[in-house]
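J.: Before I ask anything, let me first share the structure, which is written out below as structure tokens.
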Amino acid sequence: MSLKSIPYWTCGFVVTISCLLKLLTINTKLYYSTDFEVHRNWMAITHSLPFREWYKESRNVWTLDYPPFFGYFEYILSQLAALVDPSMLSVDNINYSSYSTIAFQRLSVILVSDLVLAACTVFALAPAGSSRLVSGLVLSLFSSSLFLVDHIHFQYNGMLLGLLILAAALIDRGRIFFGAFVYMVLVFFKHIYLYAAPIFFIFCIRRFIVSSPLRTSLNRLVGLVLIVLGVSIVALVPLVLSGQFSTALSRMFPFGRGLVHSYWAPNIWALYLLGDRFLGKLLHVESGGMASSTGGVVQVTENLVLPNIAPGHTMIVSLVVYIPLLVLIWRRSHKIPLMAFVGFGNAICFMSGWHIHEKAILMVYYPLMVYAIGSERLKAEVWMLSVVACASLLPLLPQSEETCLKWILFATGATLDWIALGPFNFSHMCGFMLSLSFAPEVYRVFVHGFLMRGSKFEFLPLMMNSVVCAVILIVILARSFQLLRETRNSD
């Protein structure tokens with residue numbers, strides 16, 4: 001099906017309803033995190049200071065630590081922000097949050113980030129048919145997880161996820177140069193999208209170079225190399241010439257921040273640290289004044305019993321786990337779309353990488369969601385993934401008065417995703433995963449306050465949420481990978 005045959009009025013209706021509903025939240029007193037100030041300060045830096053000072057400015061603790069293309073994006077936004085409230089663009093106005101600033105920043109997510117995601121989703125799912133396209137738009141724009149992260153917590157993940165989906169879709173359709181260009185631009189918007197670099201590389205080599213005639217292969221290989229080098233040069237040379245390269249690099253790859261974030265992402269290191277804490281209690285080993293991994297602060301910590309993990313160790317684990325996926329790509333790249341492989345590649349880095357943020361779960365969910373919609377495979381697994389993704393992000397709303405909002409988001413997201421992904425077999429496993437993923441939240445509200453009142457275990461609900469969600473993710477991803485390996489026919 002071509003783009004011309006898609007009922008645009010239906011797509012437009014879904015996008016319009018999404019925008020209107022989100023516009024209603026602008027005037028509410030929703031919680032927003034430090035990321036709101038982060039992006040306001042980045043607009044101020046890029047608007048008020050010359051480029052040579054962007055990565056050196058440090059008056060605000062939230063310094064610019066994304067690649068330069070995102071800085072250019074903030075600069076473009078700042079030109080519009082200057083027409084709304086110039087005071088928000090002063091680097092000295094730390095924690096500035098006038099109503100006009102709040103409205104402008106939230107509108108920038110709704111009218112820029114969400115619309116980019118919608119356009120890229122339309123392009124990626126156009127060949128799947130109109131009904132699947134509408135389902136994909138609903139899953140994208142009405143995702144509780146994305147709403148929580150982008151529209152409450154405040155980020156621009158929708159735009160970046162859209163570019164990731166667009167890059168994979170272009171390459172799946174054989175437009176490898178355009179797809180490679182979009183992917184490289186994405187990497188220099190946000191560097192953690194390097195997670196999928198081995199996937200893009202091996203997939204392109206196997207499908208478009210190794211299996212092609214020699215002359216065609218050489219032309220394609222040279223073209224890809226030129227695109228990678230060209231985009232990298234455009235992004236990095238200004239940093240080198242302005243003397244900011246080393247500073248920018250240290251900010252983008254902060255290996256000194258420790259193995260885990262202050263709120264543990266639900267991955268294998270959450271299980272590892274739980275094991276360390278359990279053994280420490282069992283063997284009566286005290287921290288001895290060392291920084292604790294449950295201190296709620298971003299810092300390097302020391303384990304009590306188990307060996308400490310260094311960045312190199314996480315890289316080795318990720319590469320080892322990557323091997324089966326790369327082998328599968330080499331064997332099945334002509335039968336399985338790149339979109340699915342990208343989701344699993346991001347999952348590997350999310351589950352075993354260094355200092356992973358909990359919000360990176362969206363990088364796993366969105367490519368797999370688009371694959372499931374387009375191929376009719378993994379629908380039950382993707383639904384369970386959407387449920388656990390939302391559950392893992394609920395602690396981003398930490399206030400007790402936000403409990404009702406969190407529960408509504410969780411229930412609405414699970415129901416809407418079930419309708420949009422359907423029909424699929426809602427098995428006992430689906431029901432069990434739904435209940436298990438919400439169990440930490442039930443414990444936090446109804447049990448923890450009574451059993452642990454006045455104790456030093458204030459981090460226990462967060463730990464429980466991370467550990468439970470980590471176990472669920474391992475089960476879901478292992479099951480999904482096995483089903484992917486059993487794929488016999490081309491999608």
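J.: Taking the residues in segment 386-407 that are assigned to a helix (DSSP H, G or I) and in contact with a Phe, Trp or Tyr (Cβ under 7 Å, 6 or more places away or on another chain) as candidates, determine which candidate is surrounded by the fewest Cβ atoms within 10 Å (Cβ to Cβ).
T.: So, considering only residues that are assigned to a helix (DSSP H, G or I) and in contact with a Phe, Trp or Tyr (Cβ under 7 Å, 6 or more places away or on another chain), the one surrounded by the fewest Cβ atoms within 10 Å (Cβ to Cβ) is Glu402.
J.: Going by what's in this entry, would Gly280 be described as over 29 Å from Asp172 (Cβ atoms), out of contact with any helix residue (DSSP H, G or I) (no Cβ under 8 Å at 6 or more places or on another chain) and in contact (Cβ under 8 Å) with a residue 12 or more places away in the chain?
T.: When the stated conditions are applied, Gly280 passes them.
J.: Only one of (1) free of Cβ contacts under 8 Å to residues at least 12 places away in the same chain; (2) in a helix (DSSP H, G or I) is not met by Ser212, so which one is it?
T.: Only one criterion is unmet by Ser212, namely (2).
J.: I'd like the full set of residues that are out of contact with any helix residue (DSSP H, G or I) (no Cβ under 9 Å at 6 or more places or on another chain) and farther than 17 Å from Thr25 by Cβ, limited to segment 90-128.
T.: none
J.: Follow-up question, since we're still on this one. Would it be correct to say that Val237 is assigned to a helix (DSSP H, G or I), modelled with pLDDT of 95 or more and either over 25 Å from the mean Cα position of the chain (by Cα) or on the phi > 0 side of the Ramachandran plot (or both)?
T.: Taking the combined requirement at face value, the residue satisfies it.
A quick yes/no check of all residues on (1) within 23 Å of the chain's Cα centre (by Cα); (2) outside any loop (DSSP other than H, G, I, E, B); (3) at pLDDT below 95:
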site	(1), (2), (3)
Arg59	no, no, yes
Leu64	yes, no, no
Phe70	yes, yes, no
Glu74	yes, yes, no
Ser78	no, yes, no
Ala82	no, yes, no
Ser87	no, yes, no
Tyr96	no, no, yes
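J.: How many residues are over 13 Å from the mean Cα position of the chain (by Cα), of a type in the set (Lys, Arg) and assigned to a helix (DSSP H, G or I) if we restrict to segment 313-367?
T.: Result for segment 313-367: 2.
J.: Can you name every residue in segment 427-454 that is out of contact with any helix residue (DSSP H, G or I) (no Cβ under 8 Å at 6 or more places or on another chain) and either of a type in the set (D, E, K, R) or crowded, with 17+ Cβ neighbours inside 10 Å (or both)?
T.: Of the residues in segment 427-454, the ones out of contact with any helix residue (DSSP H, G or I) (no Cβ under 8 Å at 6 or more places or on another chain) are 428, 431-432, 435, 442, 446-447, 449-451, 453-454.
Correct list: Arg453 only.
J.: Same structure again: Does Leu160 satisfy the criteria of being part of a helix (DSSP H, G or I), at pLDDT 95 or above, touching a Lys or Arg at 6+ places or on another chain (Cβ under 6 Å) and crowded, with 21+ Cβ neighbours inside 10 Å?
T.: yes
Residues checked against (1) surrounded by 21 or more Cβ atoms within 10 Å (Cβ to Cβ); (2) out of contact with any Gly (no Cβ under 8 Å at 6 or more places or on another chain):
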{"site": "Ser113", "(1), (2)": "yes, no"}
{"site": "Val116", "(1), (2)": "no, no"}
{"site": "Gly129", "(1), (2)": "no, yes"}
{"site": "Ser143", "(1), (2)": "yes, no"}
{"site": "Ala168", "(1), (2)": "yes, no"}
{"site": "Phe178", "(1), (2)": "no, yes"}
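J.: Another question, then. Test Ser262 against the criterion of being at pLDDT 95 or above and hydroxyl-bearing (Ser, Thr, Tyr), and give yes or no.
T.: So Ser262 fails the test.
J.: Could you tell me which of the residues Trp330, Trp354, Trp383, Trp418 is surrounded by fewer than 16 Cβ atoms within 10 Å (Cβ to Cβ) and either on the phi < 0 side of the Ramachandran plot or not aromatic (Phe, Trp, Tyr) (or both)?
T.: Trp330
J.: Follow-up question, since we're still on this one. Scan (1) buried (at least 23 other Cβ atoms within 10 Å of the Cβ); (2) β-branched (Val, Ile, Thr); (3) modelled with pLDDT under 95 for the single condition Ile361 breaks and write down its number.
T.: So the condition that Ile361 fails would be (3).
J.: Test of understanding: among Phe457, Phe410, Phe424, which residue is outside any helix (DSSP H, G or I) and in contact with a helix residue (DSSP H, G or I) (Cβ under 6 Å, 6 or more places away or on another chain)? Give the derivation first.
T.: Values: Phe457 fails: in contact with a helix residue (DSSP H, G or I) (Cβ under 6 Å, 6 or more places away or on another chain); Phe410 fails: outside any helix (DSSP H, G or I).
When all the criteria are applied, what remains is Phe424.
J.: Report, by residue number, each residue of segment 58-91 that is within 16 Å of Phe245 (Cβ to Cβ) and acidic (Asp, Glu).
T.: Within segment 58-91, just Asp65 meets the criteria.
J.: Inside segment 67-77, can you point out the residues that are buried (at least 20 other Cβ atoms within 10 Å of the Cβ) and touching a His at 6+ places or on another chain (Cβ under 8 Å)?
T.: Within segment 67-77, Pro67, Glu74 meet the criteria.
J.: Let me ask another. Among the residues in segment 372-393, are any in contact with a strand residue (DSSP E or B) (Cβ under 9 Å, 6 or more places away or on another chain) and either more than 25 Å from Phe424 (Cα to Cα) or touching a residue at least 40 places away in the same chain (Cβ under 8 Å) (or both)? Give the steps one after another, and end with the answer.
T.: Residues of segment 372-393 that are in contact with a strand residue (DSSP E or B) (Cβ under 9 Å, 6 or more places away or on another chain), as a first pass: none.
For segment 372-393, residues in contact with a strand residue (DSSP E or B) (Cβ under 9 Å, 6 or more places away or on another chain) and either more than 25 Å from Phe424 (Cα to Cα) or touching a residue at least 40 places away in the same chain (Cβ under 8 Å) (or both): absent.
J.: Consider Gly174 against the criteria (1) in a helix (DSSP H, G or I); (2) more than 20 Å from Ala118 (Cα to Cα): it satisfies all of them except one. Which criterion is unmet?
T.: Result: Gly174 fails condition (1) only.
J.: Would you check if Ile205 is part of a helix (DSSP H, G or I), buried (at least 18 other Cβ atoms within 10 Å of the Cβ) and in contact (Cβ under 8 Å) with a residue 60 or more places away in the chain? Working first, answer last.
T.: On the way: part of a helix (DSSP H, G or I): yes; buried (at least 18 other Cβ atoms within 10 Å of the Cβ): yes; in contact (Cβ under 8 Å) with a residue 60 or more places away in the chain: no.
When the stated conditions are applied, Ile205 does not pass them.
The values are calculated or read from the model by the stated rules, or taken from the named source; none is laboratory data. The model shown is predicted, which means the values in this text are computed figures rather than measured ones. Cβ sites come from the backbone with ideal geometry, for glycine too, and all protein chains shown count toward neighbours.
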